[in-house]
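These notes concern the structure reproduced below.
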Amino acid sequence: MKVRPRINRWTISRRNLIFDSSIKSSLVQPHFVVKGENIDQEIKTMPGISRQSVDVLIKTISSDMDLGIKSHMLFAVIDSHDKDANATIASMDDMHLQEAVRKLKDEFGDEIVILTDVCLCTATNHGHCGIIDHNHRIDNDLTIEELCKIAISHAKAGADYVSASDMMDGRIKSIRNALEENGYTSTGIMSYSVKYASSFYGPFRDAADSSPDFGDRNSHQMDFRSGYEEAIMESLEDQKEGADILMIKPAIAYLDVVRKVKDRVHRPVAIYNVSGEYSMLMNSFNEDSRGNAIVEILNSFRRAGADIIVSYHSREVFAKNLLG
Ligand code: PBG
């Protein structure tokens with residue numbers, strides 16, 4: 001498999017995100033993007049986070065950039081009448097997510113790092129992360145074909161990293177090959193390598209309207225009863241297949257796994273402080289007491305070995321200067 005270590009060195013912003021030792025420069029702010037104009041809908045289960053149309057998103061990200069947040073992760077939220085069984089819309093170049101990426105890259109160029117979520121679940125009418133076969137099971141390899149199309153469409157729009165969050169077997173290798181074949185040799189892949197089937201994604205699924213309408217995600221996301229060997233195997237496999245960043249998700253209940261993986265891999269490690277963890281903290285602390293709790297948690301991520309931290313708290317860290 002072709003390894004391109006230059007991908008993580010490609011722009012100054014990528015280098016700062018991955019290699020700077022400060023917690024602040026490791027932070028990535030997630031966003032939910034909807035079709036339309038002038039839409040800014042707060043997500044009830046995630047105080048402070050909203051679904052935004054491209055015009056509003058650009059303003060939000062401009063102000064984040066002014067605060068110093070240079071890395072942004074985008075999730076497409078798709079109207080139910082635009083969804084189908086095969087997530088066709090997700091790989092369309094004129095989709096609102098791709099439009100947002102193009103506009104942000106036009107505006108900020110190499111100053112911004114854009115990571116886009118690559119999965120089928122927000123675009124399928126059944127809410128599953130893949131193509132369903134006649135036995136109601138996810139067909140791994142057919143799903144990978146769609147994931148590659150989505151990744152290429154995001155790369156074409158200008159994403160710095162495509163972030164595969166689906167947990168199909170072998171998708172990193174296929175996405176890497178697809179990027180190579182299409183000439184996207186500086187587009188990175190952030191793999192959700194160790195993604196557990198977790199209760200902590202609940203608020204995200206409200207935000208992205210991506211709950212499965214039957215069954216669950218246990219046939220592809222990892223069983224939280226599995227031990228370190230499984231986590232290490234998944235990470236090493238993705239490293240071998242050509243991932244540029246390896247992610248562990250969720251964060252707070254899995255810090256031991258982050259450390260074990262970090263000690264075994266040779267690629268940067270990311271941690272995802274997910275929606276349920278965010279809501280838990282937002283609901284348990286008030287404005288004044290929250291800051292210290294956020295800083296404490298962020299330090300635990302760094303201690304565990306995370307080079308990159310995806311967190312809905314990022315904006316507050318910068319806006320209130322929590323880390324100085
Ligand atoms: C898409 C995806 C999910 C999250 C990130 N990408 C949801 C899921 O797997 O159901 C969760 C993020 C969060 O909870 O903040 N597959």
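Descriptive notes on the structure:
- Single unsatisfied condition, residue 128 versus (1) within 21 Å of residue 244 (Cβ to Cβ); (2) crowded, with 23+ Cβ neighbours inside 10 Å: (1)
- Any hit, region 112-133, residues being in contact (Cβ under 8 Å) with a residue 12 or more places away in the chain and of a type in the set (Asp, Glu): yes
- Matching residues, region 245-256, being open to solvent by less than 10 Å² (accessible area, probe 1.4 Å) and not in a loop (DSSP other than H, G, I, E, B): 245, 246, 247, 248
- Residues of region 94-111 satisfying the condition of being surrounded by fewer than 23 Cβ atoms within 10 Å (Cβ to Cβ) and closer than 17 Å to residue 160 by Cβ: 99, 102, 103, 105, 106, 107, 108, 109, 110, 111
- Of everything in region 212-224 that is within 22 Å of residue 253 (Cα to Cα) and out of contact with any strand residue (DSSP E or B) (no Cβ under 7 Å at 6 or more places or on another chain), the residue that is farthest from the ligand (Cβ to nearest atom) is 223.
- Answer residue from region 267-293, given it is farther than 18 Å from residue 45 by Cβ and at pLDDT 95 or above and is most open to solvent (accessible area, probe 1.4 Å) among those: 292
- When residue 237 is tested against the conditions (1) closer than 22 Å to residue 117 by Cα; (2) touching a helix residue (DSSP H, G or I) at 6+ places or on another chain (Cβ under 7 Å), the lone failure is (2).
- Yes/no for residue 180 being more than 10 Å from the ligand (Cβ to nearest atom), open to solvent by 20 Å² or more (accessible area, probe 1.4 Å), out of contact with any Asp or Glu (no Cβ under 6 Å at 6 or more places or on another chain) and under 25 Å from residue 112 (Cα atoms): yes
- Residues of region 87-137 that are touching a strand residue (DSSP E or B) at 6+ places or on another chain (Cβ under 8 Å) and over 28 Å from residue 216 (Cα atoms): 100, 101, 104, 105, 112, 113, 114.
- Verdict on residue 91 being farther than 22 Å from residue 274 by Cβ, open to solvent by 10 Å² or more (accessible area, probe 1.4 Å) and in contact with a Ser or Thr (Cβ under 8 Å, 6 or more places away or on another chain): yes
- The residue pairs whose first member lies in region 4-16 and is touching a residue at least 24 places away in the same chain (Cβ under 8 Å), whose second member is charged (D, E, K, R) and surrounded by fewer than 16 Cβ atoms within 10 Å (Cβ to Cβ), and whose beta carbons are closer than 7 Å, counting only pairs six or more residues apart or on different chains, are 11/110; 12/110; 13/110; 13/111.
- Selection over region 142-167 of residues that are within 16 Å of the ligand (Cβ to nearest atom), farther than 23 Å from residue 218 by Cα and either assigned to a loop (DSSP other than H, G, I, E, B) or acidic (Asp, Glu) (or both) gives a count of 1.
- Here residue 315 clears all of (1) of a type in the set (Lys, Arg); (2) within 23 Å of residue 20 (Cα to Cα); (3) out of contact with any strand residue (DSSP E or B) (no Cβ under 8 Å at 6 or more places or on another chain) except the condition numbered (3).
The values are calculated or read from the model by the stated rules, or taken from the named source; none is laboratory data. Just so it is clear, the structure is predicted and the values come from calculations on it, not from any experiment. All Cβ positions, even for glycine, are placed from backbone atoms using ideal geometry, and neighbour counts span all protein chains on display. Remember, those area values only see protein heavy atoms, side chains included, never the ligands or the DNA or RNA. Shrake-Rupley method; radii C 1.70, N 1.55, O 1.52, S 1.80 Å.
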